[in-house]
Amino acid sequence: MPEKKRPGIIASQAEDYPRWYQDVIAKAELADNGPVRGTMVIRPYGYAIWERIQSEIDRRIKAAGALNAYFPLFIPESYLHREAEHVEGFSPELAVVTYGGGKVLEEPAVVRPTSETIINAYFAKWIQSYRDLPLLINQWANVVRWELRPRLFLRTTEFLWQEGHTAHATAEEAHQYALKILREVYEDFMVNVMAVPVIAGRKTARERFPGADQSWTCEGMMRDQKALQMGTSHELGQRFSKMFGTKFQSGEGEVYVWQTSWGVSTRLLGALIMAHGDDSGLCLPPLLAPVQVVVIPVTSDDEVRSTAGAILRDLASAGHRAEMDARTSSSYGRRVTGWELKGVPLRIEVGHRELTMGNVTITTRDLGEKKVIPVPSVAGEVQEALVAIQKRMLDGARSFRKENTHEFTSLDDAIAYVAQGGFATLPWRSVGPDGETSIAREGLSVRCLVAEDGSLPVRIEDNDTMAVIGKAY
RNA sequence: CGGGAAGUAGCGCAGUUUGGUCAGCGCGCAGCGUUUGGGACGCUGAGGCCGGGGGUUCGAAUCCCCCCUUCCCGACCA
């Protein structure tokens, strides 16, 4: 019975969405809470998904010209204090080491909440000439931000991410690079690999990164119609370079470099769960799934097993990430349910019923559609189905977002709508900083600003700048 | 960090009001057998300093104090 939800295994989204989210994480074996509040154990299956996220993003980052490096976990406390907004923004969530080697440290070491400061200390050493620019660096690291209200993947005290840091000769070049990362790395990955449509836009002053001149964001809509900030790219201007003396000589004298920083984190796993999951559990887009196809022999006899084995070999040699679940001591139903919870896009069942005709059954995770196909055409069918699922998941997420996004002219109407969930768009001039303050009291926020045609706004003062309002994670 | 709820076997829970056969149930787990097309069934069995620490008491899962953790709702954030 395709698409019929089996109650009792996990909570349904409709009855209790937060509970559903936790159930999926537990049942799909993605993560556990750590012993210290807000910490997280990422389990092998969850980490396998993270590794796929990493490799897709890393490839795009390198294509954008940045190189990976690694900077220390510990940052001298004084570094944070050099940029006023930066330290003000991060102070409440810092973990600070005051003891080391059994002694009180002369200068406390901050566990990095982000690395702008320490990286600038080294950029300042490395940059002397325009020939050293642009300097494009990325690092994959853990960071710590002491969280008051943690949620697995979405908001944990320690999380994994990549943070890019760049230095440019001109403001325009930095601006263009920040947008390049936003579009060609983040948006491209989120849309084309995660199958999550995102709104690329500009943050308001209120929502901006502490220490940035401008922040750009990719905002996604989850199945509960709430917004999730999935990645940000910042124009730091010259704030950090002036504080750290990151400069070079030019005809007009010394020039402080123009900088960007940008990151995505393990929060993307939360986005993946909430953008695509259903009452049967996780639902992974084929391009990101660690296991794309699972082959399930219904029984343990030789005929079924050898056919299943042959199919597995076919799939592997066709380049698919395939796995066999031959644990026939577990019932068929249990195995199937387990793989559904884990979101594997395709399932191939090998059993006598259709094997007598030389057929097997192929089932899609997203729709639960079953199709009986001849064994020799399995690899081809799988290829087609994976492409179809990837497209369908993006289309589905797109139409879901469209159905739950409406345009308004008055702020009150927009608030009334968003209170029920979804996104409201309306002219930014109808909101403004005062409107932002008032909607914050309703638990709402301006997720980002976009131009009326959906492109990135050039100047927010422009009359056609639209605000996207939603309830956010 | 404020306001609520809760921590008893891997998971979900009963027991706490009225201290004393309350160390129990379901699922899972192990062994054996029968099964295998949507979380199979029977029998047998293992498993718990009742979140941690202090206290009250002849006696504490149960009463008191402190701490930790989780969940929900707010304020702050990737």
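Summarised as an ellipsoid, chain A has semi-axes of 43, 26, 22 Å, derived from the eigenvalues of the Cα gyration tensor scaled by 5 and square-rooted, with the largest first. What the phi angles of the stretch A:34-43 give under the Karplus curve with 6.51, -1.76 and 1.60, with θ = phi - 60°, is a coupling list of x, x, 8, 3, x, 8, 9, 9, 8, 7 Hz, glycine and proline written as x. DSSP assigns beta bridges within the stretch A:293-389; of those with both partners inside it, close to 55 percent run antiparallel.
For A:Thr409 and A:Ser306, a Förster radius of 41 Å and the Cβ-Cβ distance give a FRET efficiency of 0.05, rounded to the nearest 0.05. Here is the link list: A:Lys371/A:Lys391; A:Lys62/A:Lys247; A:Lys203/A:Lys226; A:Lys27/A:Lys402; A:Lys226/A:Lys402. Which ones come out longer than 22 Å on Cα distance? Cα-Cα > 22 Å for A:Lys62/A:Lys247; A:Lys27/A:Lys402; rest within. Across the accessible surface of chain A, with the other protein chains kept in place and a 1.4 Å probe, carbon and sulfur atoms take up 51 percent.
Pairwise alpha-carbon distances in the stretch A:83-178 exceed 21 Å for 49% of all pairs. Full extension of the chain between A:Lys402 and A:Asp58 yields a length gain of 120.8 nm, computed as 0.36 nm times the residue separation minus the alpha carbon distance.
The largest accessible area among A:Trp262, A:Trp140 belongs to the first residue in A:Trp140, A:Trp262, and the rest follow in falling order (1.4 Å probe, all chains).
When the residues A:Ser250, A:Ser233 are ordered by accessible surface, computed with a 1.4 Å probe over the protein chains alone, the sequence from largest down reads A:Ser250, A:Ser233.
For the peptides A:374-380, A:209-215, the ranking by packing is A:209-215, A:374-380, with the highest mean count of neighbouring Cβ atoms within 10 Å listed first.
Close amide H partners of A:Val295, meaning residues 5 or more places away or on another chain with modelled amide H under 5 Å apart, are A:Glu323, A:Met324, A:Asp325, A:Ile348.
The figure for A:Arg313 is an accessible area of roughly 150 square angstrom, using a 1.4 Å probe on the protein chains alone.
Computed over all pairs of different Cα atoms, the Kirkwood value for the hydrodynamic radius of the stretch A:293-389 is 13.1 Å. Here the peptides A:294-307, A:161-174 are ranked by packing, the mean other Cβ count within 10 Å, and the order with the highest first is A:161-174, A:294-307. Computed 3J(HN,Hα) for the stretch A:238-248, one whole-Hz value per residue from the Karplus formula 6.51 cos²θ - 1.76 cosθ + 1.60 where θ = phi - 60°, is 10, 4, 6, 5, 5, 6, 10, x, 8, 8, 9, glycine and proline marked x. Distance from the Cα centre of the stretch A:28-103 to that of the stretch A:300-357, in angstrom? Centre-to-centre (Cα) distance: 38 Å. Using a probe of 1.4 angstrom and keeping all protein chains present, the accessible surface of chain A works out to 44 square angstrom per residue. In a DSSP loop and with at most 15 other Cβ atoms within 10 Å, the trypsin sites (Lys or Arg not before Pro) in the stretch A:374-473 are A:Arg441, A:Arg459. Tell me, rounded to the nearest percent, the portion of alpha carbon pairs in the stretch A:378-428 spaced more than 18 Å apart. Of the Cα pairs, 51 percent sit more than 18 Å apart.
Annotation: Cα Rg of the stretch A:118-250 relative to the compact-globule expectation 2.2 N^0.38 Å equals 1.15. Only Cα sites of the stretch A:1-155 enter the Debye sum here, all with the same form factor; the resulting log10 I(q)/I(0) across q = 0.08, 0.09 1/Å is -0.38, -0.47, listed in q order. Each Cα pair under 8 Å and six or more residues apart adds its sequence gap; the mean of these over the residue count of the stretch A:293-389 is a relative contact order of 29 percent.
Principal semi-axes of the equivalent ellipsoid, √(5λ) from the alpha carbon gyration tensor of the stretch A:405-470, are 18, 12, 9 Å from largest down.
For the stretch A:355-392, applying the loop criterion from DSSP together with a ceiling of 15 other beta carbons within 10 Å to the GluC sites (Glu not before Pro) yields A:Glu369.
The values are calculated or read from the model by the stated rules, or taken from the named source; none is laboratory data. Fair warning: this is a prediction, and the values are worked out from it, not measured in the lab. FYI the Cβ positions are ideal-geometry reconstructions off the backbone, even for glycines, and counts take in every protein chain you see. Heads up: the accessible areas ignore ligands, DNA and RNA and are worked out on the full protein's heavy atoms, side chains in. Shrake-Rupley method; radii C 1.70, N 1.55, O 1.52, S 1.80 Å.
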